[in-house]
Amino acid sequence: MGSTNTAFDPKIYDIPDADIAWCPGCGNFGIINELKTALAQLQLDPTQVVLVSGIGQAAKMPQYVRANMFNGLHGRSLPAAVAIKMVNPNLVVIAESGDGCTYGEGGNHFIHTIRKNPDITNIVHDNQIYGLTKGQASPTTARGQVTTLQFDGVIVDPFNPIAVAVALDASFVARSFSGNFQLTVELIKMAIKHKGYALIDILQPCVTFNKVNTYQWYRENTYLLPDSYDPTDRQAAFKIATDTSKLALGVIYMNPNKPVYEEQLAPYQIDKTPVALRGLEL
């Protein structure tokens, strides 16, 4: 994977004069820098990478990174990403959207993408709020939290994507915090190198519409998994995933033996040439 060029700089993924429409202090700025750094450290040429997103503040990411991109409908980043990987498995495919887009509107796709186990990376910008539409509760907003729409507080429990992913035997499940640069870079690199579906739920502040889950809140309410932790222990992983008193950061669960979806498809059993390239003289 990657280029033979050993002098990759994250700036290779910059789009000059990009009009970035995020609020000052938004956690997305950390994630975009972490993503570019991870891609550079993996020495991936921009032509090798495809960023796929739905709708939302996080879903603007492909418009700000120099790489191939597809920006689709709300909640529909994953089926598009799976399709791209199916027709050209040589590409590094990254589905990138927020907690609302991925776990709300895209919840069904989230579940069935885990079942398929395509070789894609799914980066979820989890700010626990709908930022683009001005602060309504998202699937991961805490019970009782007052928002611009839930005036008396949210009356349902939050969706737990980590627990769902572990329960469905997702082949790579991780959580990070956008304020921890080195950890997030390393997890993105691990996810891209992992063979199969890789989920990274990145906790990030929405400085404008979520005054509860701030940078300070995340620092006080997260912890790093110890080096002794075994992410292949599914029972231990589920216990950690369901303990929300303090949120674990790191690789929570891995199943490296799960078959990869596109590798089982009939067109690749005899000929490994990407379907998208067959019949083309390149």
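Report the Stokes-Einstein translational diffusion coefficient (µm² s⁻¹, integer) for the chain, Rh taken as the Kirkwood radius over Cα pairs, at 10 °C with viscosity 1.306 mPa s.
For the chosen part, D equals 83 µm²/s.
In this structure, the pairs whose alpha-carbon distance is over 29 Å, taken from LYS211/LYS246; LYS11/LYS116; LYS11/LYS258, are LYS11/LYS116; LYS11/LYS258. A Förster radius of 35 Å combined with the Cβ-Cβ distance from THR148 to THR242 puts the calculated FRET efficiency at roughly 0.75. Simple point charges give the picture: +1 on the Cβ of Lys and Arg, -1 on the Cβ of Asp and Glu, and for region 58-216 a dipole about the Cα centre of about 360 debye. Protection proxy ranking for 140-150, 193-203, 61-71, 8-18, using the average of other Cβ atoms within 10 Å per residue and placing the highest first: 193-203, 61-71, 140-150, 8-18. Kirkwood hydrodynamic radius computed over region 176-281 comes to 16.7 Å, based on all pairs of distinct alpha carbons. By the count of other C-beta atoms within 10 Å, a proxy for reagent exposure, LEU42, LEU78, LEU265 are ordered fewest to most as LEU265, LEU42, LEU78.
When peptides 114-127, 249-262 are ranked by their average number of other Cβ atoms within 10 Å per residue, the highest-first order is 114-127, 249-262. Could you work out how far the C-alpha centroid of region 166-245 sits from that of region 146-164, in angstrom? Here the two parts' Cα centres lie 19 Å apart.
Sites listed here are trypsin sites (Lys or Arg not before Pro) in region 198-282 whose DSSP assignment is loop and whose Cβ has at most 16 other Cβ atoms within 10 Å: LYS211, LYS246, LYS272, ARG278. Counting only DSSP beta bridges with both residues in the chain, the antiparallel share comes to about 15 percent. Peptides 128-137, 170-179 ranked from most to least packed by the mean count of surrounding Cβ atoms within 10 Å: 170-179, 128-137.
Shown here is the pair-distance distribution of region 49-134: with all Cα-Cα distances grouped in 10 Å bins from zero up to the longest one, the shares run 20, 55, 23, 2 percent.
Values quoted throughout were computed directly from the atomic coordinates according to the rules given, and no laboratory measurement underlies them. Being a predicted model, the structure only gives us computed values, none of them experimental. Note that each Cβ is placed from the backbone with ideal geometry, even for glycine, and that neighbours are counted across all protein chains shown.
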